[in-house]
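Read the structure below first, then the notes.
The values are calculated or read from the model by the stated rules, or taken from the named source; none is laboratory data. Keep in mind that this is a model prediction, so the values were computed, not measured. Ideal geometry is used to build each Cβ from the backbone, glycine not excepted, and the neighbour counts take in all protein chains shown.
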Amino acid sequence: MKQLQEKLEAIFQDFHRHPEISGKEFRTTEKIKAYLTEWGVSLISLPLPTGALAQIGFGNRPVAALRCDLDALPVQEETGLLYASEVPGCMHACGHDFHMTSVLGAALLLKERESRLKGTVRLIFQPSEEVNEGAVPVLRTGLLEDVSEYYGIHTDPEIEAGTLGIREGAVMACPDHFQIRIHGRGGHGAQPHLSVNPIPCAASVALALQQAVPGKISPFSPCVLSVCRIQAGDAWNVIPGQALLEGTLRTMSEKDRATGILTIREIAEHMAKAWGCTAETVFFSAPPPVVNNADLAAFAAETAQSLGIRVIQQEPSMIGEDFAEYLQEKPGCFIRVGTGIGPGLHHSKFRADPSVLSGTAEFLSELVFRRLEKMSGSQHGKES
Ligand code: NI
């Protein structure tokens, strides 16, 4: 275990030093492929510019998948770590370096037990998670059609290192992104009666959205609406022709999501009309909420406890995760890995405690190993 830990720390530090932003994970992809090849793990050709697929086992069903993400963020690192990012303005501030290293560690451990696997483990090294553009292209390759269950992890700086957060049901939100363009009519700041100023209209829309959207959704169902950007005007004495509002809607179910989207569109349209403006509302595509399967969450918690790992009931989060796309296809479980209390995800001082890398790798390998045993057992049951 000590040897594995040392090996994984070296891999983790290398990833951390060389972060790459979404869609540009070229070096990262090459490194992953090189490690897997060195360890004798078979690669599956993935027809995408970045990312990798591999498998342990001989392609027999059942197939359980372990997924991790590769991309970093456009953040200037301020951790002061010896292995801090060497790329200006780019940092692994969301722990994806930790995720990749843990899945690589699980690959090493599973490779040692390959002949005893009761099926196949597919390893997904997914690009572009931060921009929600990675999971769908990977799924569209059709290379995951035989997968029966999906597992993924995410670092959590609010949980102590050495503890896992596991919960059934909705654990991460649908991260909708909306943009509202309000059209008025520009003119002289001294003559508002001869123009239609979109700025007070935009301000009213922003305030109304903050109240109306959560007001349409049951208080027992989490919902967040944040207007995060307002842009209008170029001069102090010129009424601009338009204003732009941007923000995010976070919901935990498709029903609430639909209600939220409808409410945003209606408020924008009607409020704009009341001010003599018009509004154009656009929603950009976003993954659904991450909903963990109850049986698989319980199985993951039991597996962790049997390895002596502490498990807590994870707090749901309103952050989004495109791991949700895999769960649209098949059941699975998304698990939070405590990596030490510290600044939050996406913070310039975020750091994941590498001391729990080998423990996380062991947990992941044991989880899928036991799931394959369990699934193949129940398949036999059905046949007889
Ligand atoms: Ni992340």
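Out of Ser221, Ser204, I need the residue that is closer than 30 Å to Tyr326 by Cα and hydroxyl-bearing (Ser, Thr, Tyr). Which one? Walk me through how you get there before you give the answer.
Numbers: Ser204 fails: closer than 30 Å to Tyr326 by Cα.
Matching residue, one of Ser221, Ser204: Ser221.
As an exercise: evaluate His177 against (1) buried (at least 17 other Cβ atoms within 10 Å of the Cβ); (2) over 30 Å from Val63 (Cα atoms) and give the number of the one condition it does not meet. Result: His177 passes all but (1).
Of the residues making up region 95-128, those that are acidic (Asp, Glu) and in contact (Cβ under 8 Å) with a residue 40 or more places away in the chain are Asp97, Glu114. Here region 133-160 is the region considered, the condition is being among the charged types (D, E, K, R) and part of a strand (DSSP E or B), and the residue that is farthest from the chain's Cα centre (by Cα) is Glu149. Condition test on Val337, is it in a strand (DSSP E or B) and within 17 Å of the chain's Cα centre (by Cα)? Yes: the conditions hold for Val337.
Considering only residues that are touching a helix residue (DSSP H, G or I) at 6+ places or on another chain (Cβ under 7 Å) and in a strand (DSSP E or B), which ones fall in region 173-187?
Of all residues in region 173-187, those touching a helix residue (DSSP H, G or I) at 6+ places or on another chain (Cβ under 7 Å) come to 174, 176, 178, 180, 182-184, 187.
Within region 173-187, Cys174, Asp176, Phe178, Ile180, Ile182, His183, Gly187 qualify.
Does Arg67 meet the test of being within 16 Å of the ligand (Cβ to nearest atom) and either touching a Gly at 6+ places or on another chain (Cβ under 6 Å) or free of Cβ contacts under 8 Å to residues at least 60 places away in the same chain (or both)? Yes, satisfied. Taken over region 20-62, the criterion of being among the small types (Gly, Ala, Ser) and closer than 16 Å to Gly119 by Cβ is satisfied by Ser42, Ala54, Gly57, Gly59. Suppose the filter is of a type in the set (A, V, I, L, M, F, W, C) and within 16 Å of the ligand (Cβ to nearest atom); does Ile182 pass it? Here the answer is no, as Ile182 does not meet what is asked. Could we say that Glu362 is more than 16 Å from the ligand (Cβ to nearest atom), charged (D, E, K, R), within 23 Å of Cys94 (Cα to Cα) and not assigned by TED's automatic domain parsing to the domain that holds Phe220 here? The answer is yes for Glu362.
When region 36-59 is filtered for residues that are at pLDDT 95 or above and surrounded by fewer than 19 Cβ atoms within 10 Å (Cβ to Cβ), the ones remaining, listed by number, are Thr37, Glu38, Trp39, Gly40, Ser42, Leu43, Ile44, Ser45, Pro47, Leu48, Pro49.
Select, from Pro127, Pro198, the only residue that is away from the ligand (no atom under 16 Å from the Cβ) and buried (at least 24 other Cβ atoms within 10 Å of the Cβ). Quick ask: steps written out before the conclusion?
Details: Pro127 fails: away from the ligand (no atom under 16 Å from the Cβ).
The unique qualifying residue is Pro198.
I'm trying to understand the selection: among the residues of region 320-338, which are farther than 16 Å from Ile124 by Cα and touching a Lys or Arg at 6+ places or on another chain (Cβ under 8 Å)? Once the filter is applied, which keeps residues that are farther than 16 Å from Ile124 by Cα and touching a Lys or Arg at 6+ places or on another chain (Cβ under 8 Å), region 320-338 yields only Gly320. When only residues in region 130-157 that are among the charged types (D, E, K, R) and within 14 Å of the ligand (Cβ to nearest atom) count, which is nearest to Phe284 (Cα to Cα)? Checked region 130-157; the qualifying residue nearest to Phe284 (Cα to Cα) is Glu133.
Number of residues in region 16-41 that are under 23 Å from Ser365 (Cα atoms) and outside any helix (DSSP H, G or I): the value is 3.
Of the strands (runs of 3 or more DSSP E) that lie entirely inside region 231-322, those containing 3 or more residues that are over 18 Å from the mean Cα position of the chain (by Cα) and not charged (D, E, K, R) span 242-251, 278-284, 310-313. Of the residues that make up region 253-264, is at least one surrounded by fewer than 17 Cβ atoms within 10 Å (Cβ to Cβ), touching a Pro at 6+ places or on another chain (Cβ under 9 Å) and not hydroxyl-bearing (Ser, Thr, Tyr)? Yes, region 253-264 contains at least one residue that is surrounded by fewer than 17 Cβ atoms within 10 Å (Cβ to Cβ), touching a Pro at 6+ places or on another chain (Cβ under 9 Å) and not hydroxyl-bearing (Ser, Thr, Tyr).
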